[in-house]
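Throughout, read-outs are computed from the coordinates displayed, never taken from laboratory work. Treat the numbers as computed from the prediction; the structure is a model and nothing was measured. Ideal geometry is used to build each Cβ from the backbone, glycine not excepted, and the neighbour counts take in all protein chains shown.
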């Protein structure tokens with residue numbers, strides 16, 4: 001019931017022109033409202049988990065990393081500046097934490113299946129055909145396993161821009177802010193990541 005009331009208050013704030021609901025929730029958390037942090041979790045936890053899962057490919061590891069990210073977020077909230085979108089700031093923390101975790105493991109780990117966000121010239125989404133027959137879809141799922149393996153061979157930096165742009169649908173500006181990169185760097189890194197993935201898939205698929 002408390003969570004429902006918190007979500008309802010957030011919705012009313014947006015409808016009444018209260019601005020970014022995340023900023024309102026942050027203010028309430030800093031004011032001692034723990035339920036407001038539960039609302040932030042409800043709004044963003046799934047996307048952060050999906051990002052982690054695409055990056056590390058293991059559900060258990062992704063769940064642990066997601067919990068760790070939101071603990072970091074809670075501790076860092078006093079330093080959040082409203083000039084930035086909360087979601088961008090959150091992705092920055094998630095990305096940095098993920099890179100540190102990958103380095104700590106000392107190896108690359110498998111990446112999950114990629115099935116979202118159509119984009120021209122994107123080898124990830126080129127696999128998915130919504131009009132395919134059940135037999136063709138089974139074949140596509142088998143091919144997606146190959147994509148998982150080849151995506152894991154990309155550097156984490158290239159994998160991150162590919163996930164953020166082609167799976168989670170962030171804009172170039174949002175990615176640049178989250179990863180603290182220049183817009184041109186994001187575009188060139190994404191291009192290289194797509195081309196490298198396409199090359200690695202060349203022996204398996206006609207793209």
- Task: Please go through region 189-207 and pick out each residue that is exposed (fewer than 14 other Cβ atoms within 10 Å of the Cβ) and assigned to a helix (DSSP H, G or I).
- Result: 191, 195, 199
- Those residues of region 69-84 which are surrounded by fewer than 17 Cβ atoms within 10 Å (Cβ to Cβ) and under 22 Å from residue 157 (Cβ atoms), in sequence order: 72, 84
- Being touching a residue at least 60 places away in the same chain (Cβ under 8 Å) and surrounded by fewer than 24 Cβ atoms within 10 Å (Cβ to Cβ) is the filter; apply it to region 171-188 and report the residue that is nearest to residue 83 (Cα to Cα). 177
